[in-house]
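Chemist: Encoded as structure tokens, here's the structure I'll be asking about.
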Amino acid sequence: MYGIIATWRMAKEGIELADEMLKKGETSGSAIETAIRAVEDFPYYKSVGYGGLPNKEQIVELDAGYMDGDTMSVGALGAIKDFANPISIARKLSEEKVNNVLVGEGAEKYAREFQFEEKEMLTDRAKAFYRKKKKELDQELKPYDGHDTVGMVCLDQSGTVTAATSTSGLFMKRSGRVGDSPIVGSGFYADSEVGGATATGLGEDLMKGCISYEIVRLMKEGLTPQEACEKAVNDLDQKLKAKRGEAGDLSVVAMNNKGEFGCATNIGGFSFSVATQEQPPIVYLVTREEDGHCTFEEASKEWLEEYMRVRMAPVEE
Ligand code: ASP
């Protein structure tokens, strides 16, 4: 069995590439890296890689994480600037014995040393969006709600599970702010003996529940990926509301080492993309019921077309 699951519609083209690779017997690590790079390279996704929205100082700072579930190797980057593919740097870092997590200037020095592609990641489109939002926010700059991290879990034919993330984080975040995405156990986690999970939403809240680790732990206890995702999201959502009065956006996907998958969210509008040996790449839209149970149905052709139309429409300032 093989498969790959990812947060959001934006992962669709990436998982199509990964699906082809997995079919041919290529490794989970290569497939997931290829899939995430495709999202990083697409200029119209404003929350990952090239074209990602900048922080408060109008600088694009990127976070990424990678975990190999066979060896438990982890590599992660926080607040790196001007490199095209943070996921590839994170994967390379996972091969090191120490210094697996690097931030800012140190991460950039490492990436330069290993000759990863350097690129100005702030696009004119992202600049226009920044100006527009800045006006709307009435001078008072706040992290913007429409953040979306790409997170993936991938299983290859040999049974290796990997998990990975890449993001420009919260729009208008403070310089140096690092979210959950490069934090192992929060943004991503993989254990080939069980499966993997990854998250998107408000990093500050996702971290409080180490949510990706929690999902893998629940799957290890015998829960299905769907049950584990729902329990982890609902428990954290309730706990945050009880202790803090509110819970940020929490959305997750998971796949176990049999290729079974699940998802959960505490918001409306969450989508995910998945392909397995048994099904072609499909985008699903998730609905959360009153009782916290989440169901999903395939996105219609109209929904998919509208999605791209909105993403590629000119930014009206
Ligand atoms: N979790 C990411 C962060 O807090 C943002 C997102 O997933 O949308 O940086």
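Since every read-out is calculated from the coordinates, none of them should be taken as a lab result. What you see is a predicted model, and the numbers here were worked out from it, not measured in a lab. FYI the Cβ positions are ideal-geometry reconstructions off the backbone, even for glycines, and counts take in every protein chain you see.
Chemist: Cα centroids of region 201-239 and region 20-70: how far apart, whole angstrom?
Modeler: Cα centres, region 201-239 to region 20-70: 23 Å.
Chemist: Which three extents, in whole angstrom, do the alpha-carbon atoms of the chain cover along their principal axes, largest first?
Modeler: Taking the Cα atoms of the chain, the three principal extents are 50, 48, 41 Å.
Chemist: Would region 13-74 count as rounded, prolate or oblate if I go by the C-alpha gyration tensor, calling it rounded below 1.5 in a/c and otherwise prolate when a/b exceeds b/c, oblate otherwise?
Modeler: The shape class here is oblate.
Chemist: Just check region 179-317 against the gyration tensor rule for me: Cα atoms, a ≥ b ≥ c as the square roots of the eigenvalues, rounded for a/c under 1.5, and otherwise prolate or oblate depending on whether a/b exceeds b/c.
Modeler: Oblate shape, in that a/c is at least 1.5 and b/c is the bigger or equal ratio.
Chemist: Residue-wise, which Karplus ³J(HN,Hα) couplings in Hz belong to region 242-247, taking 6.51 cos²θ - 1.76 cosθ + 1.60, θ = phi - 60°, and x for glycine or proline?
Modeler: 5, 8, 10, x, 7, 10
Chemist: Mind checking which lysines have their Cα closer than 19 Å to the Cα of LYS243? Skip sequence neighbours fewer than 8 apart in that chain.
Modeler: Straight-distance partners of LYS243: LYS208, LYS231.
Chemist: Report the residues of region 161-188 in range of a label on LYS134: point 7 Å along Cα→C-beta, backbone N strictly under 20 Å from it.
Modeler: The answer is 168-177, whose backbone nitrogens lie closer than 20 Å to the label point.
Chemist: Additional query: How far is it, in nm, from the label point at ARG311 to the one at GLU20 when both lie 7 Å from their Cα along the line to the Cβ?
Modeler: 1.7
Chemist: A further question follows. Quick check on the chain: helices-only [θ] at 222 nm, where DSSP H runs of length 4 and up contribute -39,500 (n - 2.57) each and the sum goes over total residues. Nearest 500, please.
Modeler: Value at 222 nm, helices only: -10000 deg cm²/dmol.
Chemist: Explain nothing, just compute: Karplus ³J(HN,Hα) = 6.51 cos²θ - 1.76 cosθ + 1.60, θ = phi - 60°, for every residue of region 248-261 in order, whole Hz, x for Gly and Pro.
Modeler: Couplings: x, 5, 10, 9, 9, 9, 8, 9, 8, 7, 9, x, 7, 9 Hz.
Chemist: In percent, how large is the relative contact order of the chain, given Cα pairs closer than 8 Å and 6 or more residues apart?
Modeler: About 21 percent, as a whole number.
Chemist: Rounded, prolate or oblate for region 214-270? Axes are the square roots of the Cα gyration tensor eigenvalues, ordered a ≥ b ≥ c, and the cut-off for rounded is a/c under 1.5.
Modeler: Here region 214-270 falls in the oblate category.
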